[in-house]
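What follows is a single structure, written as structure tokens, with notes after it.
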Amino acid sequence: MRSAPPDRPDARPPLASSAAPSSGGALRPTIQTRDLVPVRLTNTTNPYLPTDPYVRKFWVAVLGPSAVVDLLRLSQAARRQKAVLRPLHLRGLLEAGLVRLDEEALIVGDRIPPLPALLLERLPVRLRREHAHLTMPALSANGSYQGKRECDQFAHQEPHAHPEPGAAASEKHGCDPSGQSGYPSAG
């Protein structure tokens, strides 16, 4: 890219009237000044650490990467007992129940909950199936609930007893081989 020589008329500096307003105009949220807010950590019984791949895969798919980065920053600041700039995506984190407001601080849990059913509906079908596969409990051989992967293991143990492969195992162990539900059917 060439610049015009100084003796040419189009090589002038910009006029003051064409400059952006210095104050009073609408600014993007990233430009607006943000206050420092204190953050507190609370102990929860939720299953996932903030750095768990579950959080990065499923919460990012629902809230977006920037909101999850805000959540990770809040979590880290709470562990270090430091204040942070008010997150840009605070509203989304509050609506999702990942952060709470207190009179004095933002409260973030030490662990992250699984996606609630309402937010699961926002996931694409492929991710919903993957989520169900990872999180749905199934009845194991000893009668206790286990992860969906164990259900798949049982679904292939008795293929000769029924015309449909895995049908007996799905009835016996409470899982649906189609992957629709990992809960035992009532009745």
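The values are calculated or read from the model by the stated rules, or taken from the named source; none is laboratory data. Because the structure is predicted, anything quoted here is derived from the model rather than measured. With ideal geometry, Cβ positions are generated from the backbone for all residues, glycine too; neighbour counts draw on all protein chains shown.
A few comments on the model shown:
- Number of the condition not met by R86 [criteria: (1) under 26 Å from E121 (Cα atoms); (2) in contact with an Asp or Glu (Cβ under 6 Å, 6 or more places away or on another chain)]: (1)
- Tally, over segment 68-108, of residues that are within 12 Å of the chain's Cα centre (by Cα) and within 20 Å of P47 (Cα to Cα): 9
- Odd one out for P47 among (1) modelled with pLDDT of 95 or more; (2) under 14 Å from P114 (Cα atoms): (1)
- Checked against (1) out of contact with any Asp or Glu (no Cβ under 7 Å at 6 or more places or on another chain); (2) in the same structural domain as N43 (by TED's automatic domain parsing); (3) modelled with pLDDT of 95 or more, R126 passes all but condition (2).
- Pairs, first closer than 18 Å to R111 by Cα and of a type in the set (S, T, Y) in segment 60-76, second modelled with pLDDT of 95 or more and not in a helix (DSSP H, G or I), C-beta under 8 Å, six or more apart: S75/L41; S75/V108; S75/D110
- Among residues of segment 116-135 that are on the phi < 0 side of the Ramachandran plot, those with a Cβ under 8 angstrom from a residue that is part of a helix (DSSP H, G or I) and among the β-branched types (V, I, T), sequence gap 6+ or separate chain, pair up as L119/V62; R122/V62; L123/V62.
- Some residue of segment 29-37 being closer than 30 Å to T135 by Cβ, modelled with pLDDT of 75 or more and surrounded by 11 or more Cβ atoms within 10 Å (Cβ to Cβ): no
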